[in-house]
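Everything on this sheet refers to the single structure shown next.
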Amino acid sequence: MTGAQAENVLEICGLRTSFLAGSKRAVVVDDLSFNLRKGEILGIVGESGSGKSVTLLSVMGLLPERVAKVEAGSAVFAGRDLIAMPFGGLRDIRGNRVAFIFQEPMSSFNPVLTVGSQIAEALTAHGLCSQSVAKDRAISALQAVQMPEADKRFDQYPHEFSGGMLQRAMIAMALACHPEVLIADEPTTALDVTIQAQVLQLIRDLRDEQGMSIILISHDLGVIAEMADRVVVMYGGRKMEEADVFTLFEDCQHPYTQGLLAANP
Ligand code: ADP
Ligand code: MG
């Protein structure tokens, strides 16, 4: 590439987060810095407990307040530090300009409201369309993720959906709200293998067709190898290595990454 490097849409610098463990505080993410570039899929990989979810919850102000604390660091999005921002400002960005997909699709929806009404509500709350067309827009989004009988599904509750369907509904919400950044935390871990491939393809489409910048968190190296452009490897709350995906899989530098690759041929 001869031009300037791709623009960063999210810059995380020096993040440190701790949890209250008994009477002490345990640091679970430390000295963590990485950037998300425009239009890329950045993979974050690491074994269970390595701090992947805590990293993103820290950035988005979604940690359990009573026990967790961001002790240091910044996360700059659109010229503003999300970590220093008051919660109200963050709420404006969350869902609207930065969307989440969680591992457990059930936790992403309110169980007492229909799935369709929640997508429509997200659209109107973010000022993306008026009440009168929100339902049509939500149904179109459900159709775009190949939800069978999308118009009937609109009126159903979360418990009437399978895990894969709910995950697709989450993606439909992201699609309809077209956020600039999507953070997907283990989006396929709870799904059957056949459904996994479909959900991953939909996430790839968001990048390819809408130019969305995506952070894809996974403990599964196969998923990361298939999806990511660049990869951050975490262990024990720290970044072990950061590389483009080919370099990582062909010529990784860090002994931890080498071990991880050897254990997952
Ligand atoms: P990963 O997503 O990589 O599997 P997490 O980010 O969820 O890991 O967790 C990192 C570490 O943070 C865990 O090993 C755990 O010790 C700690 N942790 C996470 N959530 C909590 C919590 N609610 N209370 C106390 N410690 C927690
Ligand atoms: Mg996690």
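The values are calculated or read from the model by the stated rules, or taken from the named source; none is laboratory data. Remember, it's a predicted structure, so these values are computed and weren't measured experimentally. Quick reminder, even Gly has a Cβ in these numbers, built from the backbone with ideal geometry, and neighbours come from all protein chains shown.
Structure data summary
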| item | result |
| --- | --- |
| Tally, over region 22-38, of residues that are closer than 23 Å to residue 7 by Cα and of a type in the set (S, T, N, Q) | 2 |
| Enumeration of residues in region 35-83 that are more than 16 Å from ligand 2 (Cβ to nearest atom) and outside any strand (DSSP E or B) | 38, 39, 40, 61, 65, 66, 67, 78, 79, 82, 83 |
| Test result for residue 187, crowded, with 22+ Cβ neighbours inside 10 Å, out of contact with any Pro (no Cβ under 9 Å at 6 or more places or on another chain) and in contact (Cβ under 8 Å) with a residue 40 or more places away in the chain | no |
| Positions within region 172-194 being under 11 Å from residue 100 (Cα atoms), modelled with pLDDT of 85 or more and more than 16 Å from ligand 2 (Cβ to nearest atom), in sequence order | 173, 179, 181, 182 |
| Those residues of region 95-149 which are in contact (Cβ under 8 Å) with a residue 60 or more places away in the chain and either touching a strand residue (DSSP E or B) at 6+ places or on another chain (Cβ under 9 Å) or of a type in the set (Lys, Arg) (or both), in sequence order | 97, 98, 99, 100, 101, 102, 103, 108 |
| Region 206-220, residues that are modelled with pLDDT of 90 or more and not in a loop (DSSP other than H, G, I, E, B) | 207, 208, 213, 214, 215, 216, 217, 218 |
| Only one of 28, 70, 76, 45 that is more than 12 Å from ligand 1 (Cβ to nearest atom) and in contact with a helix residue (DSSP H, G or I) (Cβ under 8 Å, 6 or more places away or on another chain) | 70 |
| Subset of region 84-94 (residues that are surrounded by 15 or more Cβ atoms within 10 Å (Cβ to Cβ), out of contact with any strand residue (DSSP E or B) (no Cβ under 7 Å at 6 or more places or on another chain) and not in a loop (DSSP other than H, G, I, E, B)) | 90, 94 |
| Every residue from region 28-60 that is touching a Phe, Trp or Tyr at 6+ places or on another chain (Cβ under 9 Å) and surrounded by fewer than 17 Cβ atoms within 10 Å (Cβ to Cβ) | 47 |
| From 171, 195, residue being among the β-branched types (Val, Ile, Thr), in a helix (DSSP H, G or I), in contact with a helix residue (DSSP H, G or I) (Cβ under 6 Å, 6 or more places away or on another chain) and buried (at least 23 other Cβ atoms within 10 Å of the Cβ) | 171 |
| Out of 60, 85, sole residue that is of a type in the set (A, V, I, L, M) and touching a residue at least 60 places away in the same chain (Cβ under 8 Å) | 60 |
| Selection within region 132-142 - surrounded by 15 or more Cβ atoms within 10 Å (Cβ to Cβ), farther than 15 Å from residue 178 by Cβ and either among the polar types (S, T, N, Q) or within 22 Å of the chain's Cα centre (by Cα) (or both) | 142 |
